[in-house]
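Okay, structure first, notes after.
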Amino acid sequence: MGTARADRYAGAALARASIARAVILVATAVALVLVLGIVLVVLEANRSNDIVQIVRDAAAFLAGPFDGLFTLDNNKAERAVNWGIAAVVWYALGRLIARLLTRR
C-alpha cells in the first residue's frame, strides 16, 4: 500500500471516528434530556417555570414516536416508562450508528 493511499485511509478513519463521537454525544444529550424530563414530571416541577417547560417540551418531542406505547393508570408512571424507553432506544441507536461508522 502506498503512502498516499495509507494517508487517505487514515484520514477517512479519523473522520469516521470523529463523526462517531459526535453521534454518541448527540445520543447521550437526547437521553439526558429525556431522563431530566422524567425527573421533572415525577417530582411535579413547576410547569410555569420557563426552564421546566423547555425541558418538558423537548422531552415530549424526542419521545414522540414512543408516546402512548404503554397506557398506564398513573400519568407520571406512563410518562416515565414511555420516555425511559425512548431514552434507552435513542442512546442504543446512537451507539449502534457510531459502532457501524468505526467498523472497517
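The values are calculated or read from the model by the stated rules, or taken from the named source; none is laboratory data. Please read all numbers here as calculations on a predicted model, not as lab measurements. Backbone-built Cβ (ideal geometry, glycine too); neighbour counts: all protein chains shown. Remember, those area values only see protein heavy atoms, side chains included, never the ligands or the DNA or RNA. Shrake-Rupley method; radii C 1.70, N 1.55, O 1.52, S 1.80 Å.
For n ≥ 4 DSSP H runs only, could you compute -39500 (n - 2.57) per run for the chain, divide by its residues and tell me the 222 nm figure to the nearest 500?
Details: 3 runs with 81 residues, N = 104.
So the helix-based figure for the chain works out to -28000 deg cm²/dmol.
Identify, among Ala58, Ala45, Ser18, the residue whose Cα sits farthest towards the positive end of the charge dipole of the chain, taking +1 on the Cβ of Lys and Arg and -1 on the Cβ of Asp and Glu, with the dipole about the Cα centre.
Ser18
Where in the chain are the DSSP H helices whose alpha-carbon span along the long axis reaches 27 Å or more and whose Kyte-Doolittle mean is at least 1.6? Can you show the working numbers first?
Details: long enough: 3-42 (58 Å, 1.64); 75-102 (40 Å, 0.54).
Qualifying helices: 3-42.
For the pair Ser48 and Leu72, what calculated FRET efficiency results from E = 1/(1 + (r/R0)^6), where r is the Cβ-Cβ distance and R0 = 22 Å, to the nearest 0.05? List each step's numbers first, then the result.
On the way: r = 26 Å, r/R0 = 1.17.
E(calc), rounded to 0.05, equals 0.30.
Expressed as a fraction of 2.2 N^0.38 Å, the rule-of-thumb size for a compact globular protein of N residues, what is the C-alpha radius of gyration of the chain? Show your work: numbers first, answer last.
Values: Rg = 18.9 Å, N = 104, 2.2 N^0.38 = 12.8 Å.
Here the Cα radius of gyration is 1.47 times the empirical estimate.
If you roll a 1.4 Å probe over the chain with all protein chains in place, what percent of the accessible area is carbon or sulfur? Kindly include the intermediate steps, with their values, before the conclusion.
Values: 4680 of 7180 Å².
Of the solvent-accessible surface of the chain, carbon and sulfur hold 65 percent.
Rounded to the nearest Å, what's the spacing between the alpha carbon centres of the range 10-24 and the range 45-104? Just the number, please.
Cα centroid of the range 10-24 versus Cα centroid of the range 45-104: 26 Å apart.
When the dipole is taken about the Cα centre of the range 1-73, and only Lys, Arg (+1) and Asp, Glu (-1) are charged at their Cβ, what size is it in debye, to the nearest 20? Write down the numbers at each step before the final one.
Working: 6 positive and 6 negative charges, 120 e Å.
Using Cβ point charges on Lys, Arg, Asp and Glu, the range 1-73 gives about 580 debye.
So what is the accessible area of the range 1-96 per residue, in Å², with the probe set to 1.4 Å?
That works out to 66 Å² per residue.
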